[in-house]
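Please treat every number below as a calculation from the coordinates, not as lab data. These figures come from a predicted structure and were not determined experimentally. Don't worry about glycine lacking a Cβ; one is built from the backbone with ideal geometry, like all the others, and counts go over all protein chains shown.
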Amino acid sequence: MNDIMAQLKENVIQGRITQDDEGIDDTLTGPGVVELTRMALDSKIPVKQIIADGLTAGMEIVGQKFNAKEYYVPDMLASAEAVSEAMDILKPHLEGSGVASRGKFAIVTVKGDIHDIGKNIVAILLKGAGYEVDDLGIDVPTEKIVEYVREQKPDFLGLSALLTTTMLVMGEIIEALSAVGLRGSVKVLIGGAAVSEEFAREIGADTYCADGFEAVRVLDSYRAE
Amino acid sequence: MPREGILVETPYERLTAPQVEMIHQASLEILRDPGLICFNGRAADIFAAAGADVSSIEKSDPPHWIVRIPERLVNEAIDNAPKTITLGARNPENALVMNGDEPRVYFVTGSETNIWLDTDFKAYTKKSDQSVEIQFPEFIPRRGTVADLCMSAHISEHLDTLDGFIRNVNIQDKDITEENKDVNKFFASLNNTTKHVQAGLTALSQLDNVIRMAQIIAGGEDALKENPIISLICCLVKSPLQFVDDTTDAFIEICSRGIPVVVSSAPQAGSTAPIKEAGILTQINAEVLAGMTLGQIVNPGTPILYGTVPSKTRMDTLTDSYGAVETSQYTVDCTQMARFYGIPNYSTSGVSDAKAPGQQSSIERLFSNIAVSMSGPQFLHCAYGLLDCNSVFSPLQAVLDDAHFTMIKYFLKSPRIDDAEINEILSQIRTVFSTPQKLYIGYVRKVMRSGLLSPLYPFEGDREHDAVFHLAYERMKDILAKPVEHIDREKTSQIYNEIPGLLPRLNNYDEGR
């Protein structure tokens, strides 16, 4: 049992999603995070322990390595993606496991904009940090976003835009949410090359995030409040 | 294993094969007619004995001769000249192995600068925002000393991109004389770097002392032949087409002892050479071939590098302009000519007309360093730290240059495209194509750690003003805090016992102090 958890933690650190992943180097072989998570469930290891001692413990080391500049963004993303895959496997077993939800985060690239590299990275990092993430895609009409918020009731809404023309749509979305009384139900975060903290204030967003790491910090700080 | 340098598999060349042949033929014609003026009687005798047409100039003062060199002698010299030359080092892993046919570039320091440029930082406050303070450098010039040369060799030892050390500081201490200069400059250099050391000779009387010092360090006479930790550079032909007396004398003696040597010529297009490209190229090629021919007559098989330092004349001052674009063109051409003969090439790049580190300096040196490196000279004096047409050495600039050469070395790496690579890429593309994120980031990590990716520029700032100088200065201080691998106590003691003229203060073991 301990062996599975130690391997799971090590594979999270190496960002090996499956047994076919090469990881950081070729030194680690055998099952990856996906296989080990399934093995842990088969071995009746409690879900709470899998998350705490395997996934979260691994991500803590990854964070330390990142802060020490031993790891770079691709390493962080690989580990986050591995954790995110593990969470998908654990999802059906979460109810009654004693694991509290960290919250639901919806992310979208606004109407008129098709850029999604930043959006995808934010989604991977948040999912890896344990948030439930819904990726609504690119070039999504405002009405569809409003409808999603009404029906799915996410805790957080992340809006992404790269262009100075499409960033204006972010303001329209916030106005549309206000118009139907939904603005107070969701924290709105914005990000993208053209936007800024000042712009976030102008359009009435809750905050601006410079990158995915800041998004994780911001969401964690909301949970702490 | 010798140092790797960087192999430029497809070198940049400006001349077509027929143009190379035309320059070669024109140079041979110059060597036949008008030939060279020779101010050294021994060289005139050596050429005459070998079959050159030598005529003395009646009642000339100083005495001189006209030496007309036939094609046969030049061809024999080219045949006898080694095509592979090894320049050894105190640490044999720092040896340089140069093959005239192989465009493998080694980057080295160079020149003998009179001025050492210290750097000091002063704090300045932004007028519009008093809370913003920046550090800006002030540069303080002073005469170079032997302590500075030690420091320069020490820095060079720790600059990763640097493959060898040409002494780059003219030692001007009060107790340095013409007689003791050579032994002290070689000892200061060899005692502070384990890389190859090259310098010019100040006094012929000191040649055997310098060689003896090198033999002691290398482990004996045979060991020095096996691992020639020093080499010399001679500019024996002054442009246009004149064998100078003293340097030619030194060159003959160096060749007779079989020490690796550079025959270097440094004409200025527009003053001491024709302004047109074909003109300076024909002349510099003739001058180097003349020197090489003399060396191979004196001692066939002497390792001689084909050394070329052409430049364009500034039209506003009639001094040399190393920062000019044409200077790089001439140099690239010369590298191609050396490769035509299959003889390792000593070349120069990165020389700047700028007086201090800054934008002009970066632009000029980076331009020529990239262009000339691409042409594949084997032994490239690339002006680490040099400014003001090589009259000033700035250690800060040397550290900045190291960052430039990290970039250039990455740029010159050969592409890896083969079946295995293509198969791996096809698999990657198909896999990523089927994922929702469509990102290749998962494949980056292993490559990132394999050394295949270039590092970030090390002196990147994060504010509105750049922090390049300040960060480079910190790096320079870090380097100087690193230990020096000196010559061991026993050899140092032997050197001080056998070699006269060494300054006691250079002895790290206190014996001679």
Of the residues B:114, B:406, B:427, the Cα lying farthest along the dipole of chain B towards its positive end, which is defined by charges on the beta carbon of Lys, Arg, Asp and Glu, belongs to B:427
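Mind putting a number on the dipole of the range A:101-185 about its Cα centre? Charges go on the C-beta only, +1 for Lys and Arg and -1 for Asp and Glu, and I need it in Debye to the nearest 20. Present the calculation step by step, with values, prior to reporting the outcome.
Numbers: 9 positive and 12 negative charges, 53 e Å.
I would put it at about 260 debye.
How much FRET efficiency would the formula 1/(1 + (r/R0)^6) give for residue A:100 and residue A:25, where r is the Cβ-Cβ distance and R0 is 41 Å, rounded to 0.05?
Details: r = 36 Å, r/R0 = 0.88.
It comes out at approximately 0.70.
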Taking the Cβ of residue B:253 as the centre, find all other residues whose Cβ is under 15 Å away and add up their charges (Lys, Arg: +1; Asp, Glu: -1).
-3
Number of partner chain Cβ atoms within 10 Å, mean per residue of B:432-438:
3
Excluding same-chain residues fewer than 8 positions from residue B:185, which lysines have a Cα within less than 18 Å of its Cα?
B:174, B:195, B:491
Whole-Å distance, taken between Cα centres, linking the range B:242-299 and the range B:199-235
21 Å
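Which is the longest stretch in chain A that no exposed loop site breaks, taking sites as trypsin sites (Lys or Arg not before Pro) with a DSSP loop state and at most 13 other Cβ atoms within 10 Å? Working shown, then result.
Values: sites that count: A:44, A:69.
Answer from the scan: A:70-225.
What are the DSSP H helices in chain B that stretch 15 Å or more along their long axis, judged by alpha-carbon atoms, and whose average Kyte-Doolittle hydropathy comes to at least -1.0? Mind showing how you got there, number by number?
Working: long enough: B:17-32 (23 Å, 0.14); B:146-158 (19 Å, 0.42); B:207-218 (16 Å, 1.00); B:245-256 (17 Å, -0.01); B:277-298 (32 Å, 0.93); B:325-341 (25 Å, -0.39); B:359-375 (24 Å, 0.06); B:395-412 (25 Å, 0.56); B:419-433 (21 Å, 0.17); B:468-480 (18 Å, 0.22).
Helices meeting the criterion: B:17-32, B:146-158, B:207-218, B:245-256, B:277-298, B:325-341, B:359-375, B:395-412, B:419-433, B:468-480.
Answer rounded, prolate or oblate for the range B:17-78, using the Cα gyration tensor with square roots of eigenvalues a ≥ b ≥ c: rounded when a/c is under 1.5, else prolate when a/b is larger than b/c, else oblate.
Since a/c reaches 1.5 and a/b is larger than b/c, the shape of the range B:17-78 is classed as prolate.
Which value, in debye to the nearest 20, describes the size of the charge dipole of the protein assembly as shown about its Cα centre when Lys and Arg Cβ atoms bear +1, Asp and Glu Cβ atoms bear -1, and nothing else is charged? Display every interim value, and only then the final one.
Working: 67 positive and 103 negative charges, 99 e Å.
Dipole about the Cα centre, nearest 20: 480 debye.
Taking R0 as 45 Å, what FRET efficiency do you get between residue A:44 and residue B:485 from their Cβ-Cβ distance, rounded to the nearest 0.05? Intermediate values should be presented prior to the final figure.
Working: r = 60 Å, r/R0 = 1.34.
It comes to 0.15.
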Debye, to nearest 20: dipole size of the range B:66-189, +1 on Lys, Arg Cβ, -1 on Asp, Glu Cβ
260 debye
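Can you tally the net charge around residue B:447? Count Lys and Arg as +1, Asp and Glu as -1, for every other residue whose Cβ sits under 12 Å from the Cβ of residue B:447. Intermediate results must be reported in sequence, preceding the final value.
On the way: positive: B:416, B:445, B:446, B:449; negative: A:22, A:25, B:421, B:424.
Taking every other residue near residue B:447 into account, the sum is 0.
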Return the loop-located trypsin sites (Lys or Arg not before Pro) in the range B:394-471 (DSSP other than H, G, I, E, B) with at most 11 other Cβ atoms within 10 Å of their own Cβ; answer none if there are none.
B:416, B:438, B:463
